[in-house]
Every structure is written in C-alpha cells, then in structure tokens.
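Please read the structure below before turning to the comments.
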Amino acid sequence: MRRIVPPLAVAVAMLLALGAYGAFGQQGHVIGSKHDLASPGVAACEQCHIPHDAYGDYLWARGPNPAGETYVGVRPLCYSCHDGTVTEEGRYAFDETLSQHPTVPGEPSKDCDMCHNAHTPEYGNFLLFPSGANLCRSCHGKAGPTDHPVDVDAAVAPLDSQWNPSTGDLSGTRLWDAAGAGPGNQVKCLSCHSAHGGLEGSDLSTMPYRDPTSTISPLCQNCHP
Ligand code: HEC
Ligand code: HEC
Ligand code: HEC
Ligand code: HEC
Ligand code: HEC
Ligand code: HEC
C-alpha cells in the first residue's frame with residue numbers, strides 16, 4: 001500500500017535539507033581562509049569545535065581564556081586566538097579602552113555575529129555583508145542625498161590615509177576599491193568610521209570631527225585641506 005506523506009513533513013524535511021545544505025556550503029568556506037588552521041590530523045573545524053567536553057553553545061574547543069574574562073557569548077572564543085597566542089592581528093578589537101561598536105554578548109545575531117561569521121571570508125574580515133566597507137549602511141542608512149557622499153572618487157589623496165590600529169595608528173581616513181574590500185580611491189563608510197578602535201567620545205570616527213583644542217576639523221580637512 002502506498003504511504004501518504006503529510007505535506008507538512010515534506011515541507012519540514014525540505015527545509016532541513018536546505019538548511020543543512022546552506023550551512024555546510026557556508027562552513028566549507030573556512031577551508032583555505034585565514035581561519036583554516038588545519039594541520040595534519042587536526043581538521044580546520046577542530047580548531048574551534050570539538051564533539052565532546054566542549055564549552056558554550058556551539059561545542060567550542062576553547063574555554064574562557066586566562067585574561068580573567070567572564071565566559072559570555074562568542075567573544076572569548078575569538079579572543080582565545082586573537083589574544084596574541086595564535087595571532088596578534090585584530091587585538092585592538094578586544095581593547096575596551098578604545099570605543100567599540102555595541103554588542104549584546106551571548107545573544108545570537110547581536111553578539112560579534114551581528115557583523116561577522118567566522119566561516120565566511122568572501123567580503124573581507126569575515127564580514128557578513130557584501131557591501132564591504134559600506135557595511136554600516138546595512139543597518140544605519142545614512143547614505144542618502146543629505147549625507148556625505150560615498151562611492152565617490154577622491155581628487156586628491158587624504159593628508160593621512162593610513163589607519164592601522166594593530167600598530168597603534170588610530171588616526172587616518174582610508175580610501176577603498178569599488179567593492180569596499182581593499183585599498184583604492186573611493187570614499188566609503190569605513191573612510192571616516194570603524195567598528196573597532198574608534199576615537200573615544202566619537203561616533204566611532206577614525207579622526208576627530210570637532211577638536212576642542214583646534215579651529216580646524218581634522219576629519220574634514222584631512223581630505224578637504
Ligand atoms: C575560527 C573558528 C571556527 C572555525 C574554524 C569553524 N567554525 Fe563553525 N562556528 C564558529 C562560530 C563562531 C559559530 C557560531 C555562529 C556564529 O557566531 O556565526 C559556529 C557555528 C557552527 C555551526 C552551527 C551554526 C551554523 O552556522 O550553522 C556549525 C554546524 C559549524 N559551526 C560547523 C563548522 C564546520 C563543519 C567547520 C569546519 C569546516 C567549522 N564550523 C569551522 C566558529 C568556527
Ligand atoms: C583558532 C583560532 C582562531 C579563532 C578561534 C578565531 N580566529 Fe580570527 N583569525 C585567526 C587567524 C590565525 C587569523 C589570521 C591572522 C593573520 O593573517 O595573521 C584570523 C583573522 C581574523 C580576521 C581578519 C581576516 C582578514 O580578512 O584579514 C577577523 C576579522 C577575524 N579573524 C575575526 C574572528 C572572529 C570574529 C572570531 C570569533 C568568532 C575569530 N576570528 C576566531 C585565528 C582565529
Ligand atoms: C558593527 C559591526 C561589527 C561588530 C558588531 C563586530 N565587528 Fe569586528 N570588525 C568589523 C569591521 C567592519 C572590521 C574591519 C575593521 C576595519 O577595517 O575598520 C572588523 C574587524 C575585526 C577583527 C580583525 C581586525 C584586523 O585588523 O584584522 C577582529 C579580530 C574582530 N573584528 C573581532 C570582533 C569581535 C570579537 C567582535 C565581538 C566582540 C566583533 N568583531 C564585532 C565589524 C564589526
Ligand atoms: C548588523 C547591524 C549593524 C551594523 C552593520 C552596524 N551597526 Fe551600528 N548599531 C547597530 C545597533 C543595533 C546599535 C545599537 C542601537 C541602540 O541600541 O542604541 C548600533 C549602534 C551604533 C552607534 C551608537 C553607539 C553608541 O555608543 O551609542 C553608532 C555610532 C554606530 N552604531 C555606528 C556604526 C558604524 C560606524 C557602523 C559601520 C562600521 C555600524 N554602526 C554598523 C547595528 C549595526
Ligand atoms: C566624510 C566622513 C564620513 C563618512 C564617509 C560617513 N560618516 Fe557617518 N559620521 C561622520 C561624522 C563626522 C559623524 C559624527 C557627526 C556628529 O558628531 O555630529 C558621523 C556619525 C554617524 C553615525 C552616528 C550618528 C547618527 O546620526 O546616527 C552613524 C550611524 C553614521 N555616521 C553612519 C554612517 C554610514 C552608514 C556611512 C556610510 C554610508 C557613513 N556614516 C559615512 C562622518 C562620516
Ligand atoms: C576620505 C576623504 C574625505 C573626508 C574625510 C571628507 N570628505 Fe567630503 N568629499 C570627499 C570626496 C572625494 C568628495 C566628492 C568629490 C569632491 O567634491 O571633492 C567629497 C564631497 C564633499 C562635499 C560636496 C557634497 C556633494 O554632494 O557634492 C562636501 C560639502 C563635503 N565633502 C564636506 C565634507 C565634510 C564636512 C567633511 C567632514 C565631516 C568631509 N567632507 C570629509 C572626500 C572626503
């Protein structure tokens with residue numbers, strides 16, 4: 001006798017299949033990325049996930065690091081490598097003496113996973129957004145006719161176009177390629193802003209807009225001298 005499969009079960013099975021396909025497709029992107037730290041006998045996944053005796057929500061391989069942090073959310077996992085033990089890169093993103101974009105630790109999609117997915121290197125910096133250096137407008141707008149133009153070419157180079165917090169250089173306005181994934185000649189949100197290491201008391205700016213000790217605006221006059 002032919003079995004009748006209830007439509008709901010079919011729908012659920014299809015959704016699960018799609019979900020699994022999507023998820024595996026995404027996680028496979030780790031391979032060959034900067035997060036592929038595989039060595040013979042230790043697969044890339046195992047650097048972050050283990051099947052037993054793990055920590056946290058997603059079977060984290062690494063527990064709270066010894067810096068005395070409370071174990072909440074994704075950040076301790078990230079910091080367990082980015083604390084200088086595995087890499088020095090991006091340490092400033094954990095420096096609470098610098099302004100950092102707000103997150104809600106431990107709350108899915110509001111933690112570091114608001115902007116990053118540790119599996120996807122496509123848009124640079126393991127960001128979730130195809131707009132690269134214009135990612136801010138995915139959530140904030142601010143790219144309309146009454147805002148400073150973005151995606152425009154600079155006629156002259158900024159006086160200070162270097163910004164590299166990893167070396168302690170927290171000042172400068174960067175120009176980007178059209179995709180917003182690397183250096184180029186265009187103004188993007190990340191020319192004036194950064195999610196990490198912004199100036200204290202600013203809206204995550206990379207140079208002071210108003211300088212109480214000066215009659216000039218270092219940010220504006222960096223490009224419009
Ligand atoms: C650099 C660390 C890192 C590596 C390497 C890594 N993951 Fe993940 N994984 C995460 C993080 C962080 C999350 C939590 C989801 C999030 O915050 O985006 C996660 C979540 C997951 C999830 C559940 C949530 C989801 O996205 O579907 C699965 C399944 C998963 N990882 C599988 C894998 C597999 C398979 C590999 C190896 C190919 C791998 N991961 C490699 C960090 C990593
Ligand atoms: C298992 C160790 C490990 C873990 C865990 C880890 N990272 Fe990384 N991450 C690295 C290494 C190694 C690099 C490459 C550093 C280099 O190029 O010198 C890197 C690079 C990066 C970069 C820069 C990528 C680029 O395109 O330049 C970002 C952004 C990043 N990680 C974010 C995260 C976030 C967010 C988490 C937590 C979800 C995380 N990492 C967890 C090891 C790790
Ligand atoms: C609002 C979006 C946003 C949130 C939330 C966010 N990041 Fe980032 N992150 C970025 C962007 C954008 C960059 C690239 C930095 C740049 O070039 O300005 C970055 C860069 C990084 C880097 C690499 C820096 C480098 O120089 O290679 C690390 C590590 C990192 N983030 C970790 C984290 C961790 C950990 C969290 C959670 C505590 C987090 N991020 C939350 C947007 C975000
Ligand atoms: C994934 C969505 C998302 C992205 C991308 C994003 N933000 Fe936010 N941003 C938020 C949310 C949510 C808040 C918190 C709003 C609140 O509760 O006040 C916030 C708050 C802020 C604040 C207020 C901070 C404070 O201390 O009060 C500033 C400034 C800001 N974002 C700037 C940026 C900049 C600059 C970028 C790009 C580097 C960016 N955001 C990218 C979602 C996002
Ligand atoms: C030319 C420099 C510059 C560029 C480019 C720029 N901003 Fe801003 N942004 C600023 C300055 C300066 C402030 C602070 C304004 C103030 O203090 O009155 C600010 C403030 C903000 C704020 C916080 C204040 C608010 O009204 O919510 C957000 C959010 C923001 N910008 C988002 C963006 C987004 C999204 C982009 C890209 C589409 C972008 N910015 C591009 C200079 C810039
Ligand atoms: C990263 C470089 C950069 C910074 C920083 C910058 N600008 Fe611009 N600005 C440009 C470029 C490029 C254009 C478009 C071409 C031009 O007019 O030179 C532009 C255009 C303008 C325009 C003309 C707007 C239009 O719609 O045609 C004004 C006004 C302006 N900027 C003011 C400012 C102010 C105020 C600040 C400081 C908050 C500032 N700029 C910071 C690069 C920058």
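Structural remarks
- Cβ-based net charge around E88, under 14 Å, with every Lys or Arg adding one and every Asp or Glu removing one: -1
- Backbone amide hydrogens, once placed in the peptide plane, bring G198 within less than 5 Å of S99, excluding anything fewer than 5 places away on its chain.
- The charge dipole of region 21-163, taken about its Cα centre with unit charges on the Cβ atoms of Lys, Arg (+1), Asp and Glu (-1) only, comes to about 180 debye.
- Here the calculated FRET efficiency for H196 and H52, from their Cβ-Cβ distance with R0 = 35 Å, stands at 0.55, rounded to the nearest 0.05.
- Highest GNM mean-square fluctuation among G144, G84, G63, for the chain modelled with Cα contacts below 10 Å: G144.
- Residue-normalised accessible area of the chain, expressed per residue, 1.4 Å probe, Å²: 65
- Residue-by-residue Karplus 3J(HN,Hα) for region 175-191, coefficients 6.51, -1.76, 1.60, Hz, glycine and proline x: 9, 10, 6, 4, 6, x, 9, x, x, x, 10, 9, 7, 9, 3, 6, 6
- Cysteines without a disulfide-compatible neighbour (Cβ-Cβ under 4.7 Å), the chain: C45, C48, C78, C81, C112, C115, C139, C192, C220, C223
- GNM result for the chain, Cα springs below 10 Å: residue of P183, P145, P158 fluctuating most strongly: P145
- For the chain, the longest site-free run once chymotrypsin sites (Phe, Trp or Tyr not before Pro) in DSSP loop states with at most 15 other Cβ atoms within 10 Å are removed: 72-208
- Candidate residues S217, S166, S171: accessible-area rank, largest first, probe 1.4 Å: S166, S171, S217
- Sorted largest first, extent of the chain alpha carbons per principal axis (Å): 84, 45, 32
- Computed [θ] at 222 nm, helices only, for the chain once each DSSP H run of length n ≥ 4 contributes -39500 (n - 2.57): -5500 deg cm²/dmol
- Sites matching trypsin sites (Lys or Arg not before Pro) across region 27-105 that sit in DSSP coil, with at most 14 neighbouring C-beta atoms within 10 Å: K34
- Accessible surface of the chain, 1.4 Å probe, proportion on carbon and sulfur as whole %: 61
- What the phi angles of region 125-135 give under the Karplus curve with 6.51, -1.76 and 1.60, with θ = phi - 60°, is a coupling list of 6, 6, 7, 8, 10, x, 7, x, 5, 9, 4 Hz, glycine and proline written as x.
- Probe 1.4 Å - accessible area at V152, Å² to nearest ten: 60
- Crossing angle, helix 7-27 versus the chain [Cα axis fit, 0-90 degrees, rounded to tens]: 50
- Contact order normalised by residue count of the chain, Cα under 8 Å, 6+ apart, percent: 14
- Among N125, P212, P51 - extreme Cα towards positive end, dipole of the chain, charges at beta-carbon: P51
- When all protein chains stay in place and ligands, DNA and RNA are ignored, the 1.4 Å accessible-area order of I50, I216, I31, largest first, is I31, I216, I50.
- Segment S214-T87, length gained on full extension (0.36 nm per residue, minus Cα span): 41.9 nm
- The amide H of D169, built 1.01 Å from its N in the peptide plane, has N164 as neighbours under 5 Å, considering only residues 5 or more places off or on other chains.
- Shape of region 130-225, Cα gyration tensor, a/c cut at 1.5: rounded
- The charge dipole of region 72-225, taken about its Cα centre with unit charges on the Cβ of Lys, Arg, Asp and Glu (plus for the first two, minus for the last two), comes to roughly 280 debye.
- Over all other residues within a Cβ to Cβ distance under 14 Å of G180, the charged ones net out to -1, with Lys and Arg as +1 and Asp and Glu as -1.
- Stokes-Einstein D for region 31-128, Kirkwood Rh over Cα pairs, 4 °C, 1.567 mPa s (µm²/s): 91
The values are calculated or read from the model by the stated rules, or taken from the named source; none is laboratory data. Keep in mind that this is a model prediction, so the values were computed, not measured. Cβ: placed from backbone, ideal geometry, glycine included. Neighbour counts: every protein chain shown. Just so you know, the surface numbers come from the protein's heavy atoms only, side chains and all, with ligands and any DNA or RNA stripped out. Shrake-Rupley method; radii C 1.70, N 1.55, O 1.52, S 1.80 Å.
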